Amino acid sequence: MINTSHPIYKKTWVRVTIPSFCIIWALIEYLTGSKNWALLFGIIGIYSGFVLLVRYRKSDEEINSK
């Protein structure tokens, strides 16, 4: 569902910021009593963290350019 070949995901800070924001937002929602929204953002944060941080593979162009 996340197209990791998009150029915006080449930068590490972008790949870290997206799941971090979702997890922090889930915590905020939970603390304010919105458990359904907290669950939704928690799932999005975990999924995006897995895809963008764990499964992310650099393209051949990125590897060869260094």
Which pairs have Cβ atoms under 9 Å, sit 6 or more apart or on different chains, and link a residue in the stretch 1-17 that is without any contact (Cβ under 8 Å) to a residue 40 or more places away in the chain to one that is of a type in the set (V, I, T) and exposed (fewer than 11 other Cβ atoms within 10 Å of the Cβ)?
V14/I8
Over 11 Å from the mean Cα position of the chain (by Cα) and at pLDDT 95 or above - does that describe any residue in the stretch 43-66?
no
Does at least one position in the stretch 6-21 carry a residue that is surrounded by 10 or more Cβ atoms within 10 Å (Cβ to Cβ), in a loop (DSSP other than H, G, I, E, B) and at pLDDT 95 or above?
no
Find all pairs meeting these conditions: Cβ atoms under 7 angstrom apart; at least six residues apart or on different chains; first residue within the stretch 35-51 and farther than 15 Å from T17 by Cβ; second residue part of a helix (DSSP H, G or I) and aliphatic (A, V, I, L, M).
A38/A26; G42/I23; G42/A26
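The values are calculated or read from the model by the stated rules, or taken from the named source; none is laboratory data. The model shown is predicted, which means the values in this text are computed figures rather than measured ones. Cβ atoms come from the backbone with ideal geometry, glycine included; neighbour counts cover every protein chain shown.
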